[in-house]
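Notes follow the structure.
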Amino acid sequence: MLNAAAVASAVGLVVLRHAAHLVPALTHPKAASNAAGHADRLITRITAGSHSTDLRITWPTTRPPRTAPPGHLYLARKLTGTDPQRARTILRNILAGIDPTTTATEAVHADAAHLLAPLLHGQAAIRWADYAHRSLTHLHGPTHPHTLTAAHTHATAHRQVGHHQRAYHLLRELADHLAATAGPDAHPTLAVRATTALVLHDLGHHHAAHTLLTDTIDRHHRAHPGHPATARMTAHLNQLRHHHTTHDNSSPGAAVNPPAPVMQG
């Protein structure tokens, strides 16, 4: 008699080898067993022999993407903040059969990938964020609002795993697009500039980070007096100063005080 757990593990290893992007939590100790639950998205039929490793796997000749049921994308969007696990399941079903190395020709797949990426971690998040950004650029152009939001998601995914150089280039490009569309002193543009300064600091360019963030705070305060983001940017600048004085044994610098109007808002 075959050991069901051993068969599931063997099937899971096949899924991990050929389509790891389907499986969340790849570092989980039971990743292979979890992956077996996604076999129906990749494999047509499995025939077992006399041993758990004696498996005959039938692959589909073609695996066209499933048509997303009406309303499922809207439902997933509503659930991302309240029930992310259910949202992930819905979005994975929408993206079943999609190869994230390609470019979407239908907006529903690009939008689903953009919603899915922030619900994942590590390389899985990067893979779907890249797919969404690339696909929305293809579908709508590089300066469309959906594309710009996807660019930010893409940069965030890289930053979260420590790919600071890639995140920096994506943020610089995003800031340029926002400056051209919303204006150089628009809040979204300056917010991205502030994040770019933090990534510069992560890359070790402390002086450049300090200069960029100081300039951004000044411009944001002048363009948007009383906006709470100015105080948040100032708090980040104080953290950079503290990190610099603590780690570089420099003489303590004075903390930056947020402008009075911001404190009143």
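For the stretch 199-207, check the following and say yes or no: at least one residue is outside any helix (DSSP H, G or I) and closer than 23 Å to Asp130 by Cβ. Give the derivation first.
First pass over the stretch 199-207, keeping only residues outside any helix (DSSP H, G or I): 203-205.
In the following step, the residues that additionally are closer than 23 Å to Asp130 by Cβ were identified as 203.
The answer is yes; a qualifying residue exists.
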Write out, first by first residue and then by second, each pair whose Cβ atoms fall under 7 Å of each other, whose residues are 6+ apart or on separate chains, and whose first residue, in the stretch 159-183, is within 21 Å of Gln123 (Cα to Cα) while the second is modelled with pLDDT of 95 or more and of a type in the set (Ser, Thr, Tyr).
Tyr168/Thr196; Leu171/Thr195; Leu171/Thr196
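Restricting attention to the stretch 215-230, which residues are of a type outside the set (D, E, K, R) and either free of Cβ contacts under 8 Å to residues at least 24 places away in the same chain or open to solvent by less than 50 Å² (accessible area, probe 1.4 Å) (or both)? Reasoning before the result, please.
Taking the stretch 215-230 as the starting set, the residues that turn out to be of a type outside the set (D, E, K, R) are 216-217, 220-221, 223-230.
If the condition is that a residue be of a type outside the set (D, E, K, R) and either free of Cβ contacts under 8 Å to residues at least 24 places away in the same chain or open to solvent by less than 50 Å² (accessible area, probe 1.4 Å) (or both), then Thr216, Ile217, His220, His221, Ala223, His224, Gly226, Ala229, Thr230 are the ones that fit.
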Going by the structure shown, is Ser33 at pLDDT below 65, more than 28 Å from Thr105 (Cα to Cα) and surrounded by 11 or more Cβ atoms within 10 Å (Cβ to Cβ)?
no
Need the failing condition index for Pro188 against (1) open to solvent by less than 50 Å² (accessible area, probe 1.4 Å); (2) at pLDDT 95 or above, just the number.
(1)
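The values are calculated or read from the model by the stated rules, or taken from the named source; none is laboratory data. Just so you know, these numbers come straight off a predicted model, no measurement behind them. Note that each Cβ is placed from the backbone with ideal geometry, even for glycine, and that neighbours are counted across all protein chains shown. Surface accessibility is based on the protein's heavy atoms, side chains included, excluding ligands, DNA and RNA. Shrake-Rupley method; radii C 1.70, N 1.55, O 1.52, S 1.80 Å.
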